[in-house]
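**Student:** Provided herewith is a single structure, encoded as structure tokens, for subsequent inquiry.
The values are calculated or read from the model by the stated rules, or taken from the named source; none is laboratory data. Keep in mind it's a predicted model, so treat the numbers as computed, not measured. Ideal geometry is used to build each Cβ from the backbone, glycine not excepted, and the neighbour counts take in all protein chains shown. These accessible areas exclude ligands, DNA and RNA; they are computed on the full protein's heavy atoms, side chains included. Shrake-Rupley method; radii C 1.70, N 1.55, O 1.52, S 1.80 Å.
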Amino acid sequence: MAHEHGSMSRREPGLSVGALARAHGERVRAEHVLSPEQHQVLRAIERCRTAALGGHLHKCPGCDYEQPRYNSCRNRHCPGCQSLSQLRWLEARRERILDVGYFHVVFTIPEPLRALFARERRVMYGLLMEAARRSLLTMAADPKRLGALPAITLVLHTWTRELLYHPHVHAVVSAGGYDLAAQRWIPVRRNGRYLFPVRALAKLVRGAVREAILPALDAGTLVLPPHEVEPVRRALFETRWHVYAKAPFAGAQQVFAYLGRYTHRVGISNARLMSYDGEAVTFATKDGLTCPPRGGLPRSPPPPHLAQGLPQDPSRRPRLHQPRSLGNPRSRTDHSRQRLRLGTRGRDR
């Protein structure tokens, strides 16, 4: 994939993922092996807001001008069908947000584990979410750290803005917690500017993932290719995992906006498509904290670009999990089956 450097050019009007899918969908199917779910997503995007899905006719009573309005596909991976879902999601969750400050915490797995995560997505994604949850609640329960129950929302992301596979968990954590025994709110330290030490969080997450994976490796229920065995073991014992925490959000409304963007974001949006010259697509990106430095405007031939943009695991894009905390009295995600399949005994380390 080549990159153009320099300032971002003006976006070409009318350019969309749907238009590219309709122009190159058949070539994508011929040149790439797609899963049944990816076939379904590609077909939905191709047909979205076209006559294939039907629609209705708008007619001006004054001049008899007519304009057809076609139905949308409503697929959760379609970049043209997310705005309304995002607004509905935000409205349904306004009552759960506390009127306090919030921290943004990100948990990232080491590179040697990505191949394993790519093969065992359903189990490993649940494991990573559970490890992040346990580490935050364990740290918050420590009286030396906070000694209270915080509100937590977790969101799983599996790609970068360059459409590279990169599993990581975003956590929105309240800047304090509720002391159930004393029936009072306890703010975090340093006047609400400090949550938990990120190195300690990273060790807790690594320990939780290690506790799940090692028994499965030792029992033979999880088999790795020979060239991955040592790198995976080093990643579970020696490699320093990356966790960082941003300064608190400005307030609850900003949390709403942030969560909406992440829970209803697709692989690539129409707004990021800058131009298409018949041979290659130019789309906007930016360098992330955990990504190698890149140029401002990557270019990609349409078929590989479309194949990259299709979700690698549609049932897990993105995944929202609200653990048992002030923001959600009842945990809606049960990870017991995933843990049992990996052979973990469910203890914190």
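**Student:** Go through region 165-206 and give me each residue that's over 29 Å from V100 (Cβ atoms) and either surrounded by fewer than 15 Cβ atoms within 10 Å (Cβ to Cβ) or among the small types (G, A, S) (or both).
**Tutor:** If the condition is that a residue be over 29 Å from V100 (Cβ atoms) and either surrounded by fewer than 15 Cβ atoms within 10 Å (Cβ to Cβ) or among the small types (G, A, S) (or both), then Y165 is the only one that fits.
**Student:** Right, something else. Only one residue in V106, V123, V100, V155 is closer than 13 Å to V209 by Cα and β-branched (V, I, T). Which one? Explain how you work it out, then say what you get.
**Tutor:** On the way: V106 fails: closer than 13 Å to V209 by Cα; V100 fails: closer than 13 Å to V209 by Cα; V155 fails: closer than 13 Å to V209 by Cα.
Going through V106, V123, V100, V155 in turn, the sole match is V123.
**Student:** State whether the residues of region 85-100 include one that is under 15 Å from the mean Cα position of the chain (by Cα) and more than 25 Å from D179 (Cβ to Cβ).
**Tutor:** Within region 85-100 (the criterion being under 15 Å from the mean Cα position of the chain (by Cα) and more than 25 Å from D179 (Cβ to Cβ)), the answer is yes, since at least one residue qualifies.
**Student:** So, one more: What residue, among those in region 71-84 that are open to solvent by 50 Å² or more (accessible area, probe 1.4 Å) and not basic (K, R), is nearest to R47 (Cα to Cα)? If you could, list the steps in order and put the result at the bottom.
**Tutor:** Of all residues in region 71-84, those open to solvent by 50 Å² or more (accessible area, probe 1.4 Å) come to 71, 74, 76, 83-84.
Going one step further and asking which of them are not basic (K, R), we end up with 71, 83-84.
Values: N71: 9, S83: 18, L84: 19 Å.
Ranking the candidates gives N71 first.
**Student:** Limited to region 126-142, what total is found for residues that are surrounded by fewer than 23 Cβ atoms within 10 Å (Cβ to Cβ) and of a type in the set (S, T, Y)? I'd like the intermediate steps shown before the answer.
**Tutor:** Our first condition is that a residue be surrounded by fewer than 23 Cβ atoms within 10 Å (Cβ to Cβ); within region 126-142, this holds for 134, 137-139, 141-142.
When the remaining residues are screened for being of a type in the set (S, T, Y), the result is 138.
Counting residues in region 126-142 that are surrounded by fewer than 23 Cβ atoms within 10 Å (Cβ to Cβ) and of a type in the set (S, T, Y) gives 1.
**Student:** Follow-up. Can you tell me how many residues in region 53-70 are closer than 26 Å to A23 by Cα and either open to solvent by less than 60 Å² (accessible area, probe 1.4 Å) or at pLDDT below 85 (or both)? Spell out how you get there, then give the answer.
**Tutor:** Going residue by residue through region 53-70, those that are closer than 26 Å to A23 by Cα are 53-57, 67-70.
If we keep only those that are either open to solvent by less than 60 Å² (accessible area, probe 1.4 Å) or at pLDDT below 85 (or both) too, we end up with 53-55.
Total meeting the criteria: 3.
**Student:** Might you let me know whether region 281-290 holds any residue that is in contact with a Lys or Arg (Cβ under 6 Å, 6 or more places away or on another chain), at pLDDT 70 or above, under 29 Å from A212 (Cα atoms) and in a loop (DSSP other than H, G, I, E, B)?
**Tutor:** Looking through region 281-290, none of the residues is in contact with a Lys or Arg (Cβ under 6 Å, 6 or more places away or on another chain), at pLDDT 70 or above, under 29 Å from A212 (Cα atoms) and in a loop (DSSP other than H, G, I, E, B).
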